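Notes follow the structure.
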């Protein structure tokens, strides 16, 4: 077959599942979504923002299936605690079959290794295997397929493919590798798939790869026994580790183009590192302890600020480059969504990113993890706030350029944290600048009824305001904190879940789902006011809005009990971690601002 572009309809993937049914395996450099039938529905290689080699999630070609031959089965599965090692499990008419799977870690940037271990748990297992690597979102066929003993080699565009453990497989007329595996009860069989930018010849030893991966996860995720929800907190740590590159950048999510609402055009590419999301993750980790994820967040944000200064972009690739402009992909798209790569947000000015960066640096400073380069980046970020705080900007939700209150209040918190935990320069008065910004924002964005409003020209409620208010933009006794919290609960909460803001006169839930990030913000806000029971209710309700795998998307459709948007959404897991750490009474429980 030709190695060039081809219509994807000729090789349509299996029908997609609802988002809650997918699991993730990830190694920091890329991630794979696993569907309940044992298919890899999405994997980009070699990097997060590279073209997909398996794109069935968006209706494209390419797959890697390991599934029971008996279609009469029910599925389930679980993560090994504190890891992204997934065990898929099927109960068939004649027995139980499992498949343990993971991306091998520590990862290499130019090479992905996917481990799968099939086991006959009860009764004999009959398992079908299919491999069809289609690089560049399906544009490149799998070519040059040849067997070398128990090893298969192939190419897909510029990528080199190796598969071990499938010596029994055969090539079909469609260019796919097909095989059927028969295992007696209690037996297991290993498959190792490698996709790399260069030819590799070193042995792929599954035992060594599994042992190294298990050790890596054990070291990467702390025990979290001192948090409010230890198992979920360990899961949040695992997800954040899985989304964070060795170069420090954490992608917002593993996917692109998954719709927030069907056929609304609100589906975007989140396979990039947002400065704000990175800071949320680092601040959350700092609330629990001086773990390596904090250092990686500080390093990435430091590098971006030292390079770009006051022109800091909201988003970058995980290796620090600007994200490409939005462009279409040759795929059908997830039902109700589109098919696009790139993100226009990379060209916006978002003031709150500087405020969040300052809060991150201060959090690192409290743990003694701020070096000279990062202190210099903090100074540059503060100066950028001083230069640009009065400018209209796109804000947290990347909308039109306006005078958004949330951005200014985030900078107030960051400036005060900088002054308190890092210290001012000889001629700098960061606390004074914070007072200036707060007073100007109070004049323009404090509603006559005493609560904060969205923007200078928008009196509506905004859930995101709860985060900087909870972190010390105003004292906890300031009436505006209580009144803003009450306004958000009254106008933006429904059935225990919180929405971002109102879309005109539409009822909550019609325009978009509840925003899970905002539910955890409400928990932090209630906790900052000393309303412990209410904080617990927001926390427990929001953390229930995940799929069976324990992954959170960006939004939650309350009426249909479904996940919406890209998956998994890193900043939701970050705020879960922060709330769990603070509510658990850990050593990091003191809220920034010293209350």
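The values are calculated or read from the model by the stated rules, or taken from the named source; none is laboratory data. Predicted model only: the values in this text are computed from it and were never measured. So basically every Cβ, Gly included, is an ideal-geometry build from the backbone, and we count neighbours across all protein chains shown.
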Checklist line | Filtered residues of region 364-394 (kept if over 20 Å from residue 428 (Cβ atoms) and touching a residue at least 60 places away in the same chain (Cβ under 8 Å)) | finding: 367, 368, 369, 394
Checklist line | Every residue from region 154-192 that is under 15 Å from residue 131 (Cβ atoms), in a loop (DSSP other than H, G, I, E, B) and in contact (Cβ under 8 Å) with a residue 12 or more places away in the chain | finding: 165, 166, 167, 168, 169, 174, 175, 176
Margin query: Residue under question is residue 399, and the condition is that it be farther than 26 Å from residue 363 by Cα and without any contact (Cβ under 8 Å) to a residue 24 or more places away in the chain; does it hold?
Written below: yes
Check: Within region 568-595, how many residues are assigned to a loop (DSSP other than H, G, I, E, B) and modelled with pLDDT of 95 or more?
Finding: 2
Check: Just to be sure, is residue 351 assigned by TED's automatic domain parsing to the domain that holds residue 468, in contact with a helix residue (DSSP H, G or I) (Cβ under 9 Å, 6 or more places away or on another chain) and crowded, with 22+ Cβ neighbours inside 10 Å?
Finding: yes
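Results for (1) in contact with a strand residue (DSSP E or B) (Cβ under 7 Å, 6 or more places away or on another chain); (2) touching a residue at least 40 places away in the same chain (Cβ under 8 Å), shown as yes or no for each residue.
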| site | (1), (2) |
| --- | --- |
| 290 | no, yes |
| 294 | no, yes |
| 298 | no, yes |
| 302 | no, yes |
| 316 | yes, yes |
| 325 | no, no |
| 330 | no, yes |
| 347 | no, no |
Check: Right, residue 331: outside any helix (DSSP H, G or I) and crowded, with 21+ Cβ neighbours inside 10 Å or not?
Finding: yes
Next item on the list: Could you list, in sequence order, all residues of region 371-407 that are under 23 Å from residue 439 (Cβ atoms) and not in a helix (DSSP H, G or I)?
Entry: 389, 390, 391, 392, 393, 395, 396, 401, 402, 403, 404
Notebook entry, point to check: Looking at this structure, is residue 174 in contact with a helix residue (DSSP H, G or I) (Cβ under 9 Å, 6 or more places away or on another chain), within 21 Å of residue 63 (Cα to Cα) and crowded, with 16+ Cβ neighbours inside 10 Å?
Noted result: no
Next item on the list: Go over the candidates 273, 252, 286 one by one and state the one that is assigned by TED's automatic domain parsing to the domain that holds residue 565, touching a helix residue (DSSP H, G or I) at 6+ places or on another chain (Cβ under 6 Å) and over 21 Å from residue 23 (Cβ atoms).
Entry: 286
Notebook entry, point to check: Would you pick out the residues in region 395-445 that are in contact with a strand residue (DSSP E or B) (Cβ under 7 Å, 6 or more places away or on another chain) and surrounded by fewer than 19 Cβ atoms within 10 Å (Cβ to Cβ)?
Noted result: 401, 402
Notebook entry, point to check: Looking at (1) surrounded by fewer than 20 Cβ atoms within 10 Å (Cβ to Cβ); (2) not in a loop (DSSP other than H, G, I, E, B), can you tell me which one residue 195 breaks?
Noted result: (1)
Next item on the list: Taking residue 534 as the residue in question, decide whether it is modelled with pLDDT of 95 or more, part of a helix (DSSP H, G or I) and either over 16 Å from residue 466 (Cβ atoms) or outside the structural domain of residue 265 (by TED's automatic domain parsing) (or both).
Entry: no
Next item on the list: Give 202, 187, 225 a once-over and let me know the one that is surrounded by fewer than 18 Cβ atoms within 10 Å (Cβ to Cβ), more than 21 Å from the chain's Cα centre (by Cα), more than 28 Å from residue 255 (Cα to Cα) and assigned by TED's automatic domain parsing to the domain that holds residue 294.
Entry: 225
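Residue-wise test of (1) buried (at least 20 other Cβ atoms within 10 Å of the Cβ); (2) in contact (Cβ under 8 Å) with a residue 12 or more places away in the chain; (3) on the phi < 0 side of the Ramachandran plot.
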site	(1), (2), (3)
114	yes, yes, yes
120	yes, yes, yes
125	yes, yes, yes
128	no, yes, yes
131	yes, yes, yes
137	yes, yes, no
142	yes, yes, yes
149	no, yes, no
152	yes, yes, yes
Note to self: For the structure I just gave you, tell me whether residue 539 is touching a helix residue (DSSP H, G or I) at 6+ places or on another chain (Cβ under 9 Å) and either under 23 Å from residue 258 (Cβ atoms) or without any contact (Cβ under 8 Å) to a residue 40 or more places away in the chain (or both).
What the structure shows: no
